[in-house]
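Let me begin by presenting the structure, written as structure tokens, before commenting on it.
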Amino acid sequence: MPPETAHRPSPLPTSDVDPFSDEVLAHPDALHQALREAGPVVHLTRYDVYALPRYPQVHAALTDWQRFQSGAGVGLSNFRHEKPWRRPSLLLEADPPLHDAPRRVLRELLAPPALRRLREQWLSTAESLVDEVLSRGPECDAFTALAQAFPLRVFPDAVGLGPDGRENLLPYGNMAFNAFGPANHLVAADAERGPGFSAWVDAQCTREALSEDGFGARIWAAADCGELTYEQAPLVVRSLLTAGVDTTVHGLGAVLYAFATHPEQWHLLRARPELVRVAFDEAVRWQSPVQIFFRTATAEVTIAGARIPEGAKVLMFLGSANRDPGRWDDPDRFDLRRDPSGHVGFGMGIHQCVGQHVARLEAEALLSVLARRVQRIERAGTPQRHLNNTMRAWSSLPVRLHPAG
Ligand code: OVM
């Protein structure tokens, strides 16, 4: 090897693949493997973005907010050049110092001690839901009847939403997660209905629309205390409504799918119900309901020997990092005996999911009731994926629930 080779950066692997094509969205695993094998940074020529498919670089980008900013948007669109589809989120699409006050308010509001008062209520709601589902016979769609139904019974009430229009929540979240991708047919599908979803959500963020005892009212109270401005409060409420429903729905979908396809793991959970929280995190690692997020390079960055230009969009494949064989033993296995901590399914660093304790509490409530009441979750048909530019999502999970003796 000539000596000068050692100083020359290795050529960047490139690919013209479309990670947002229907085929890849439906079955992303093969692409993830190919990109991980191609290198730590792969230039995706179709969108001119720099993809990170391996765990170390995804982790590094997530924890380096100075060089990988969120303020230019965390989707494909670069807010330096393109107008965002809605006012940017004060949490997700902001950097310090602007990010700090909204983050502090939500962190305290959604921290485990603040959620304790919800636990008993959510457990009894899970009991009633599981009762109702079992009373209709052994077969059900675990996605609609459980993964969708449970968050919709607990979360909008916890926020303090009124009774009308709640059917807008899922379509709005779906639209927001599609908006992180390119303007493909999934985005076009909402062109007509989208403004209506947005108008409804925005209207629910006002103080008058919210009950006096929910998360929403507490956000407005934080403005009274000077922790937020009155202009910020409705946008912080909007973050709860955007990020708090579809995410938990597809997270619960992931864990129910995991158990329907791994009966021995359900057996283990029933024997050791204290594993419910590990089960949820392992399912979030294994399926990664939020598959991707982007950052924007604030300077020329060299990462694993690859040069990323200033202003470039960087695509972090969370789902691929969560199955990187360099980080995880037998990564494609859903296994309650592993320690899934360190997965990047909730992100990492200053933007790590601020609602993760809410998601875990929902999962704990539903799974612990199911583990007591259901001996076996048997697949009863072909599960159907729902295509979304960001989420690994479901539309149907047909199962037969075998009641415990
Ligand atoms: C937000 C938000 C936060 C996380 C995820 C997300 C649509 C949105 O603050 O609006 O996805």
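Which helices, counted as full DSSP H runs in the chain, have an axial Cα extent of no less than 18 Å and a Kyte-Doolittle average of -0.5 or above?
112-135, 246-261, 356-373
Find, among the GluC sites (Glu not before Pro) in segment 288-384, those assigned to loop by DSSP (not H, G, I, E, B) with at most 16 other beta-carbon atoms within 10 angstrom.
Glu300, Glu310
Ranked by accessible surface with a 1.4 Å probe, highest first, in what order do Tyr50, Tyr230 come?
Output order, biggest surface exposure first: Tyr230, Tyr50.
Any idea what the relative contact order of the chain is, in percent, if you count C-alpha pairs under 8 Å spaced at least 6 apart?
Across the chain, relative contact order equals 26 percent.
With every protein chain kept in the model, how would you rank Cys140, Cys225 by accessible area, 1.4 Å probe, largest at the top?
Cys225, Cys140
Going toward the positive end of the dipole of segment 61-187, with +1 on Lys and Arg Cβ and -1 on Asp and Glu Cβ, which of Ala158, Pro138, Gln148 do you reach last?
Ala158
So what does Asp213 come to for accessible area, using a 1.4 Å probe and Å² rounded to 10?
Result for Asp213: roughly 100 Å² accessible.
Classify segment 84-182 from the C-alpha gyration tensor, please: rounded if a/c falls under 1.5, else prolate or oblate depending on whether a/b exceeds b/c.
Oblate shape, in that a/c is at least 1.5 and b/c is the bigger or equal ratio.
For His81, what accessible area in Å² do you get when you roll a 1.4 Å probe over the heavy atoms of the protein chains, rounding to the nearest 10?
Surface accessible to solvent at His81 totals approximately 150 Å².
Placing unit charges on C-beta atoms (Lys and Arg positive, Asp and Glu negative, everything else neutral), compute the dipole magnitude of the chain about its Cα centre in debye, rounded to 20.
540 debye
Given Trp394, Ile308, Val354, which one lies farthest toward the positive end of the charge dipole of segment 296-405, if we put +1 on the Cβ of every Lys and Arg and -1 on the Cβ of every Asp and Glu?
Sorting the options by dipole projection puts first Trp394.
About its Cα centre, how strong a charge dipole does segment 1-147 have in debye, to the nearest 20, once Lys and Arg get +1 and Asp and Glu get -1 at the Cβ?
My answer is approximately 780 debye.
Using each residue's phi in segment 12-28, evaluate 6.51 cos²θ - 1.76 cosθ + 1.60 at θ = phi - 60° and report the 3J(HN,Hα) Karplus result to the nearest Hz, with x for Gly and Pro.
In residue order, the calculated couplings are 6, x, 10, 8, 9, 4, 9, x, 10, 6, 4, 4, 5, 4, 6, 9, x Hz.
Using the crude model of +1 on Lys and Arg Cβ and -1 on Asp and Glu Cβ, and no other charge, please compute the dipole size for segment 102-258 relative to its Cα centre, in debye to 20.
Computed charge dipole of segment 102-258: roughly 480 debye.
Provide the net charge surrounding His43, with neighbours chosen by a C-beta distance below 13 Å and charges set as Lys +1, Arg +1, Asp -1, Glu -1.
+1
When you have a sec, figure out the Kirkwood radius of segment 326-405 from all distinct Cα pair distances and drop it here in Å to one decimal?
Across segment 326-405, the inverse of the average 1/r is 15.8 Å.
I need the shape label for segment 189-326. Rule: rounded when a/c is under 1.5, else prolate if a/b > b/c, else oblate, with a, b, c from the alpha carbon gyration tensor.
oblate
Once a ≥ b ≥ c are taken as the square roots of the eigenvalues of the Cα gyration tensor of the chain, is the result rounded (a/c under 1.5), prolate (a/b larger than b/c) or oblate (a/b not larger than b/c)?
oblate
The values are calculated or read from the model by the stated rules, or taken from the named source; none is laboratory data. Everything numeric in this text was worked out from a predicted model, so none of it was measured. In this analysis, Cβ positions are derived from the backbone assuming ideal geometry, glycine residues included, and neighbour counts consider all displayed protein chains. For accessibility, only protein heavy atoms count, side chains too; no ligands or nucleic acids. Shrake-Rupley method; radii C 1.70, N 1.55, O 1.52, S 1.80 Å.
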